[in-house]
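The structure follows.
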Amino acid sequence: MRRFLAALLIVAALLPAAAQAGLYDSTMILVNKQNALPKSYEPDDLSYVDIAYAEGVPATRKQLREEAARALERLYAAMLEEGIEIVGVSGYRSYSTQSLIYNQRLEETSLDYVSRYVAKPGQSEHQTGLAMDVAIPDWPFLTTDFALTDAYAWLTAHAHEYGFIIRYPETGEEETGYAFEPWHIRYVGDTAAELRESGMTLEAWYRRRLGGSHARREARFLLPTGSK
Ligand SMILES: [Zn+2]
């Protein structure tokens, strides 16, 4: 077993950088407290998302990966058509940005708060370029009050039609490792409908898939190395 692992490490080291990056490029990638992205990972297809934003959002955070960016624009347009407005608060964040945020929050609040709400660098979905925090224009802050808005009600009913899920649901803290974050939507593509239908978190979905030996080989490529 040890020899096998050593061989795997050698193979990984020999892979060109592009192929290694490809390991993390699935839109189903699982990033959480057990599955971290490497410091060097940065998606190579980040694209500006053409929606409204809260004031002061830096340009770098108005980006998602190409596929997710276009899907969010479609979702945004569909909401507007029904008279519901949202604003983007934070999309892509690099490892180093997350590092700054984590340390800053740790200074401002407590370790208990930080561990429930703020991901450590490498463990944030925002580094994948597949997640966007949203709010409403009148209250452009990331608080659970967002769950009381029409915008949130619309997202719970329709986000999956555009490939997005509410990544940290109210009842999911034990599985996801994070408290309820109604504002954090994550692009997963077509699987969003299945996830919504089943009520499963992304962690539960992976656990079920990994349970079948057939899926195991495929799933390994979706999981960052060093995952548990
Ligand atoms: Zn978020």
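Evaluate the range 50-65: report whether one residue or more is loosely packed, with under 15 Cβ neighbours inside 10 Å and either modelled with pLDDT under 95 or touching a strand residue (DSSP E or B) at 6+ places or on another chain (Cβ under 6 Å) (or both). I'd like the intermediate steps shown before the answer.
Here is the first cut: in the range 50-65, the residues loosely packed, with under 15 Cβ neighbours inside 10 Å are 50, 52, 55-56, 58-60.
In the following step, the residues that additionally are either modelled with pLDDT under 95 or touching a strand residue (DSSP E or B) at 6+ places or on another chain (Cβ under 6 Å) (or both) were identified as 52.
Within the range 50-65, one or more residues are loosely packed, with under 15 Cβ neighbours inside 10 Å and either modelled with pLDDT under 95 or touching a strand residue (DSSP E or B) at 6+ places or on another chain (Cβ under 6 Å) (or both).
Quick check: is even one residue across the range 94-104 within 19 Å of Glu42 (Cβ to Cβ) and assigned to a strand (DSSP E or B)?
Kept after step one, since they are within 19 Å of Glu42 (Cβ to Cβ), are these residues of the range 94-104: 94-102.
Among the residues that remain, those that are also assigned to a strand (DSSP E or B) are: none.
No: zero hits.
Then there is this: Do any residues in the range 101-119 that are under 16 Å from Glu181 (Cβ atoms) have Cβ atoms under 6 Å from those of residues that are β-branched (Val, Ile, Thr) and assigned to a loop (DSSP other than H, G, I, E, B), where the two are at least six apart or on different chains, and which pairs are they?
Partner pairs satisfying both residue conditions: Tyr102/Val118; Arg105/Val118.
Check whether at least one residue in the range 87-108 is more than 20 Å from Thr143 (Cβ to Cβ), touching a helix residue (DSSP H, G or I) at 6+ places or on another chain (Cβ under 9 Å) and basic (Lys, Arg), and report yes or no.
No, the range 87-108 contains no residue that is more than 20 Å from Thr143 (Cβ to Cβ), touching a helix residue (DSSP H, G or I) at 6+ places or on another chain (Cβ under 9 Å) and basic (Lys, Arg).
Give the range 169-194 a look and list any residue that's closer than 25 Å to Ala69 by Cβ and either touching a His at 6+ places or on another chain (Cβ under 7 Å) or among the charged types (D, E, K, R) (or both), or say none. Give the steps one after another, and end with the answer.
Taking the range 169-194 as the starting set, the residues that turn out to be closer than 25 Å to Ala69 by Cβ are 169, 176, 178, 181-194.
Glu181, Arg186, Asp190, Ala192, Ala193, Glu194, listed by residue number.
Considering only the range 74-83, I want to know if a residue exists there that is part of a helix (DSSP H, G or I) and within 15 Å of the ligand (Cβ to nearest atom).
No, that holds for no residue.
Among the numbered criteria (1) within 18 Å of His184 (Cβ to Cβ); (2) in contact with a Phe, Trp or Tyr (Cβ under 7 Å, 6 or more places away or on another chain); (3) not aromatic (Phe, Trp, Tyr), which one does Arg93 miss?
Unmet condition: (2).
The values are calculated or read from the model by the stated rules, or taken from the named source; none is laboratory data. Here the structure is a predicted model, which means the values were calculated and not measured. For neighbour counting, all protein chains shown are included, and Cβ atoms are generated from backbone atoms with ideal geometry for every residue, glycine included.
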